[in-house]
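*Asks:* Here it is: the structure, laid out below.
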Amino acid sequence: MPDNDVTRLNLTLGEPTGVTLDPDMWGIFFEDINWSLDGGLNAELLRNGDFAFTPADHAGWGPLTAWQTTGDGSVEVRTEDPVHPNNGTYVRVTGPVTLTNEGFDAVRVSRDDAFRLTAFTWCVQGVGEASAAIVDGAGEALAEAPLNTPAGGWHEASLDLVATADGLGRLAITVPRGLVLELDMLSLRPVGPAGEALTFRPDLVEALRALKPSFVRFPGGCVAHGLGLGNLYHWKQTVGPRESRVPSFNTWGYHQTRQIGYLEYFELCETLGATAMPIVAAGVSCQNLRGRAACIPMADMPAYVQDILDLVEFANGGTDTEWGARRAELGHPEPFGLRLLGLGNEDEITRDFEERYAMVAEALAAEHPEITVIGTAGPQPFGPDFEDGWAFAREQRVAIVDEHAYRTPRWFHQNLDRYDAYDRSGPAVYFGEYAARTNSVRSAMAEAAFMIAMERNGDIVRLASYAPLLARLGTTQWVPDMIYFDADRVLPTASYFVQRMFSVERGETLLPVQIDGVVDVPVPPRAAGTVRLSAPGARVAVTDASIDGAEVAPVEVAEDEVSLGAIGADGVVEFTATRVDGQEGMVIRLGGTGIEDFLQVDIGSWQNKTTVVHTYADGISNDIDGPYAWSGMSTDVPVTVRVELEGERIRVWVDGELRHDVAEDRRPETRVVAGCAERTGEDGTREYVVRLVNATDEPRKATLALPGGPTPWMGAATVLAGAGPDEGLAFEASPIEPRDADVDLAPGQAFQLPAWSLTVAVLREA
Ligand code: AHR
């Protein structure tokens, strides 16, 4: 391509700033959301193998969910004399019955594959032999074995089912006529190369290993503090034999078996070569509970604090300590070397939270000064909980604060200077959950640009993790995710490759990069357009409506958008909304219609509980003000609404109350970004790790002036490029994969930066 076809820019690297990047910088966030653990990383192939599902997990679920019964006999759900009181439900099967488990999907079986079945059985009466098999859709056994069922109490059975044919199958337990058998705690796992039943799914582990994460955050997210006190994640309920673990509902609408508990999480970290970052509740549950967060009563807090101290002892204590001995008894005498612990997750910063946080933090500081405690600053990178969380963290001298940002690509490109002005004398930052809202190349590049900005502020931004990590196809509650998967496939997204490229090649000491020749992309003023109304989940009569003072005819709105009329970039729309039926509130959109920028005001979002203002950029939304709690729309109760647009300012009144007064951010987007850090290579030579993002439609060339003059440099680069910004969808694999390239930079030579690309190069003197 001739030179004049590309836009040129010049990068000049300065001398090292003295800022060293935290070796822990790039880690992963793991939460059991989207069936990522039970149904994902947990190699268990049975669903509800312990008959512990309840309607609290999901409406309509119960002890027999995922089990089908055939035969003339019966299956009775029982609770007397369970294997363990912590998992109290089991079944009594009176043959002839075949119980088939639907699993998460059918199990793919190849000849000679082995699967370990474990179960508790109690032969209550009769003669005859029960059997276990993996059967295909036609009922043909792909693998089968007798199930030995002694009488006289609960007996732990373990057998291997070895496939004699290929196919897709499900576990079937057959109890013949004449036999009455009690069954509980069934588990079916692939047998690994060393003859062990696999704990984790190998292909997913490999995808995580390739990310070379420095840390693993677990178990959440929201799962860490749960919906209500009964759902708080208590680590002690998750260790020990499976039957003694306490299953619970999952805040994301399914079930936590707790088959993967704290010991397995620590072992996963070890497998990945990562440090563990448990997140424990700060004595309060998630505030997304009707009626706000539930707090552990003060009288019970000392015991809760002790539990957290015990967790540290479980991780790090010698085998001469109570919990270190317990770890050894469970098969891991060596300590795990826990260093990081998060306290709270996106909590509302209330007095209750602060009191409980301080109790835990003080105890940890006194007993375990080796642990760095990470505080929390709300669900958004701004707003009341963010401000209050930071103020509290400063007051408490918290070492690191966990910030979260699920924002549009535009937000990331507009906020690359976010950390430049952070107070260096206060807490450092853990950017603990973030994603640029979609699985497109546009989003992946925005994340990459922001990651460069985080490294540039590596003296204050010490740790970061994209979220969520994994999602099983067909059972997602949150999009976008970094890796999609189903029973057989792992589908990494463009964001996955961005994370991998940053994590695999890391510099140590930051170098300033001056970029000449880049022009930021302007964000044009908001366009005129139309006012559109809709009411998903309700029917709403709109009366007394006017736009800029001109009367508008009444309309009724429901699921589909109804246009109320044209509105300028500045203007006022007013109306009275009366819900006719349904449970939800309504939505107002103002401005352009396609994927252009427009505004959205929710009058009753989040189950009709809040009001929120969103902006859309490139068809992707950001909540820019709220959600603020609201009493909600009620049927037959009129609500007056007024929205006023004035320049960048948006004001929303509901029933005469000014609920939103917010300015839109229309600063330009910085879409070409470069960063560099040097390091000492394996052979002791100096290497430069250079990162370059070109999130524009034009290919560019970048000359690079390195410190010390016009020496030739060479090395290897990894380039992620080759798709348009809007390619890359949720539930699909990335449209592009990184490719390797040689770099040979004679003086005056330039990097080629394709449109919509990320390049990570490692250079050394030629
Ligand atoms: O990552 C998904 C969820 O987003 C997390 O559970 C929560 O912390 C955040 O709101």
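The values are calculated or read from the model by the stated rules, or taken from the named source; none is laboratory data. These numbers were taken from a predicted model, which means no experiment stands behind them. Every residue, glycine among them, receives a Cβ derived from its backbone with ideal geometry; neighbour counts consider all protein chains shown. Side chains included, ligands, DNA and RNA excluded: accessible areas come from the protein's heavy atoms. Shrake-Rupley method; radii C 1.70, N 1.55, O 1.52, S 1.80 Å.
*Asks:* Scan around VAL91 for amide H atoms under 5 Å from its own, H built in the peptide plane at 1.01 Å from N, and keep only partners 5 or more places away or cross-chain.
*Replies:* For VAL91, whose amide H was placed from the backbone, the distant partners under 5 Å are ARG78, LEU183.
*Asks:* Quick one: Karplus J couplings for region 571-577, per residue in order, coefficients 6.51, -1.76, 1.60, θ = phi - 60°, nearest Hz, x for Gly and Pro?
*Replies:* So the Karplus estimates, Gly and Pro as x, are x, 10, 10, 9, 6, 10, 10 Hz.
*Asks:* Considering every Cα-Cα pair within region 353-438, what fraction, in whole percent, is farther apart than 19 Å?
*Replies:* On the way: 1530 of 3655 pairs.
Across region 353-438, Cα pairs with separations above 19 Å total 42 percent.
*Asks:* Just order 524-534, 211-221 by mean Cβ neighbour count inside 10 Å, highest at the front, would you?
*Replies:* The peptides rank, most packed first, as 211-221, 524-534.
*Asks:* Roughly speaking, what is the stretch gain from ASP581 to VAL124, that is 0.36 nm per residue apart minus the C-alpha to C-alpha distance, in nm to one decimal?
*Replies:* 159.0 nm is the gain from fully extending ASP581 to VAL124.
*Asks:* Another one. Points 7 angstrom from Cα along the Cβ direction at GLU370 and GLN607: gap in nanometres?
*Replies:* 4.3
*Asks:* I would also like to ask the following. I need two numbers for region 44-104: Rg to one decimal and Dmax as a whole number, Cα atoms only, in Å.
*Replies:* In Å, with Rg to one decimal and Dmax whole: 11.8, 32.
*Asks:* If you don't mind, another one. Taking 7 Å along the Cα-to-C-beta vector as the label spot, tell me the THR685-VAL521 distance in nanometres, rounded to one decimal.
*Replies:* 3.7
*Asks:* One quarter of the convex hull surface, Cα atoms only: what value does that give for region 284-370 in nm²?
*Replies:* Approximately 6.6 nm², given one-decimal rounding.
*Asks:* To continue, here is another question. How much accessible area per residue does region 402-545 have, counting only protein heavy atoms and a probe of 1.4 Å, in square angstrom?
*Replies:* 28
*Asks:* Let me ask something else about it. Can you work out the base-10 log of I(q)/I(0) for region 1-75 at q = 0.15, 0.19, 0.20 1/Å, using the Debye formula on its C-alpha atoms alone?
*Replies:* -0.79, -1.00, -1.03
*Asks:* Counting just the Cα atoms, what span does region 460-603 cover along each of its three principal axes? Round to the nearest Å and put the largest first.
*Replies:* In descending order, the Cα extents are 63, 49, 27 Å.
*Asks:* In addition: How would region 122-250 be classified by its alpha-carbon gyration tensor: rounded, prolate or oblate, with rounded meaning a/c under 1.5 and the a/b versus b/c comparison settling the rest?
*Replies:* oblate
*Asks:* For region 461-546, what relative contact order do you get, as a whole percent, if you take Cα pairs closer than 8 Å and at least 6 residues apart?
*Replies:* Answer for region 461-546 is 14 percent.
*Asks:* Using only C-alpha atoms and all pairs of different ones, pull out the Kirkwood radius for the chain in Å with one decimal.
*Replies:* 28.7
*Asks:* Mind computing the radius of gyration and Dmax over the alpha-carbon atoms of region 340-493? Å is fine for both.
*Replies:* Cα-based Rg and Dmax for region 340-493 come out at 16.8, 50 Å.
*Asks:* Apply the Karplus parameterisation 6.51 cos²θ - 1.76 cosθ + 1.60, with θ equal to phi minus 60°, to every residue of region 659-666 and state each ³J(HN,Hα) to the nearest whole Hz, in sequence, with x for glycine and proline.
*Replies:* Running phi through 6.51 cos²θ - 1.76 cosθ + 1.60 with θ = phi - 60° gives 9, 9, 9, 9, 9, 6, 8, 10 Hz.
*Asks:* Contour minus end-to-end for THR79 and TRP653, with contour as 0.36 nm per residue of separation and end-to-end as the Cα-Cα distance?
*Replies:* 201.2 nm
*Asks:* Obtain the nm distance between the two label points defined at LEU729 and ARG394 by a simple spin-label model: each point lies 7 Å from its Cα along the Cα-to-C-beta direction.
*Replies:* Once both label points are built, they end up 4.7 nm from each other.
*Asks:* Based on the alpha carbon coordinates of region 127-170, what radius of gyration and maximum Cα-Cα distance (Dmax) apply, in Å?
*Replies:* Both quantities, over Cα of region 127-170: 12.4, 38 Å.
*Asks:* Something else about it: Under 4 °C and 1.567 mPa s, how fast does region 106-151 diffuse according to Stokes-Einstein, given a Kirkwood radius computed over C-alpha pairs? Answer in µm²/s, whole number.
*Replies:* Calculated translational D: 105 µm²/s.
*Asks:* Using +1 on the beta carbon of Lys and Arg, -1 on that of Asp and Glu, and nothing else charged, what's the dipole of the chain about the Cα centre, debye to 20?
*Replies:* Values: 59 positive and 113 negative charges, 69 e Å.
The calculated dipole for the chain is roughly 340 debye.
*Asks:* While we're looking at this one, here's another question. Report the calculated FRET efficiency for ALA106 and ASP160 (r = Cβ-Cβ distance, R0 = 25 Å), to the nearest 0.05.
*Replies:* 0.80
*Asks:* Another one. Return the calculated 222 nm mean residue ellipticity for the chain, to the nearest 500 deg cm²/dmol, obtained by summing -39500 (n - 2.57) across DSSP H runs with n ≥ 4 and dividing by the residue count. Provide the component values of the computation, followed by the final result.
*Replies:* Values: 10 runs with 110 residues, N = 766.
Value at 222 nm, helices only, nearest 500: -4500 deg cm²/dmol.
*Asks:* What residues have an amide H closer than 5 Å to that of ASP402, excluding those fewer than 5 places away on the same chain, when H is modeled at 1.01 Å from N in the peptide plane?
*Replies:* GLY375, THR376, ALA377, TYR430
*Asks:* Calculated FRET efficiency, ALA325 and ASP486, Cβ-Cβ r, R0 51 Å, to nearest 0.05?
*Replies:* With a Förster radius of 51 Å, E is 0.80.
*Asks:* Work out how much length GLU551 to LEU289 would gain on full extension: take 0.36 nm times their residue separation and subtract the Cα-Cα distance, in nm to one decimal.
*Replies:* 90.2 nm
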